[in-house]
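One structure below.
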Amino acid sequence: MTATPSIPHPLPEPLVDLVAQRFRVLGEPMRIKLLDRLRDEPASVGDLQQALGASQQNVSKHLAILHGAGMVSRTKDGNRVMYAISDPSIFELCDQVCGGLRRQVAELDAILRGGVAA
């Protein structure tokens, strides 16, 4: 098993910029939907367009951004281009965010019910 190198703190400015860029890429709801849809299996632009009810231009634009960020890969399949997840660690981040949201909702619910948040 390979050890993950430690991350320096404070973060060096170039690393801060790279992290911020990654969050900007993920800050668009359509890109989250595309990644979520691709989580199960590769898909073409047409497949994604139909599944998400979005225009071909919109899907293609967001896939290009995700591809440029190294989050999805594309391969030619006959006359179609298939997109797939190339960086599964994206889902670890999504799971972390969802877990944080779940805790916030539970704390808010406890406050609204007159209890004390954990």
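Under unit Cβ charges (Lys, Arg +1; Asp, Glu -1), what dipole magnitude, rounded to 20 debye, does the chain have relative to its Cα centre?
Numbers: 13 positive and 13 negative charges, 53 e Å.
Dipole magnitude for the chain comes out near 260 debye.
Rounding to the nearest 10 and keeping the result within 0 to 90°, find how far the Cα-based axis of helix 89-112 lies from the longest principal axis of the chain. Helix 89-112 sits at roughly 40 degrees to that axis. Would the chain count as rounded, prolate or oblate if I go by the C-alpha gyration tensor, calling it rounded below 1.5 in a/c and otherwise prolate when a/b exceeds b/c, oblate otherwise? Note, shape of the chain comes out oblate. If r is the Cβ-Cβ distance from residue 21 to residue 57 and R0 is 25 Å, what FRET efficiency results, to the nearest 0.05? Approximately 0.60, to the nearest 0.05.
From Cα pairs below 8 angstrom and at least 6 apart in sequence, can you work out the relative contact order of the range 1-103, rounded to a whole percent?
Numbers: 71 pairs, mean separation 23.3, N = 103.
After rounding, I find 23 percent.
Here the range 39-118 has 52 percent of its accessible surface on carbon and sulfur atoms, given a 1.4 Å probe and all protein chains in place. Taking a sphere under 15 Å around the Cβ of residue 19 and counting the other residues whose Cβ falls inside, with K and R at +1 and D and E at -1, yields a net charge of -2.
Once the C-beta distance of residue 108 and residue 37 is scaled by a Förster radius of 22 Å, the resulting FRET efficiency is 0.15 to the nearest 0.05.
Only one residue of 38, 18, 57 has its Cα farthest out toward the positive end of the dipole of the range 1-104, where Lys and Arg carry +1 and Asp and Glu -1 on Cβ, and that residue is 57.
Could you do me a favour and compute the accessible area per residue for the range 1-53, 1.4 Å probe, result in Å²?
75
Highest GNM mean-square fluctuation among 93, 48, 35, for the chain modelled with Cα contacts below 10 Å: 93. Net charge in the neighbourhood of residue 72 (other residues with Cβ under 14 Å of its Cβ; Lys, Arg +1, Asp, Glu -1) is +1. Short to long, the 5 Å bins of the Cα pair-distance histogram for the range 59-118 hold 4, 16, 15, 14, 11, 9, 8, 8, 8, 4, 2, 1, 0 percent of all pairs.
The tail of the calculated P(r) for the range 16-57, taken as Cα-Cα distances beyond 15 Å, holds 47 percent of the pairs.
The values are calculated or read from the model by the stated rules, or taken from the named source; none is laboratory data. These numbers come from a predicted model, not from an experiment. Positions of Cβ are backbone-derived with ideal geometry, glycine not excepted, and every protein chain shown enters the neighbour counts. Surface areas here come from the heavy atoms of the whole protein model, side chains and all, with no ligands, DNA or RNA. Shrake-Rupley method; radii C 1.70, N 1.55, O 1.52, S 1.80 Å.
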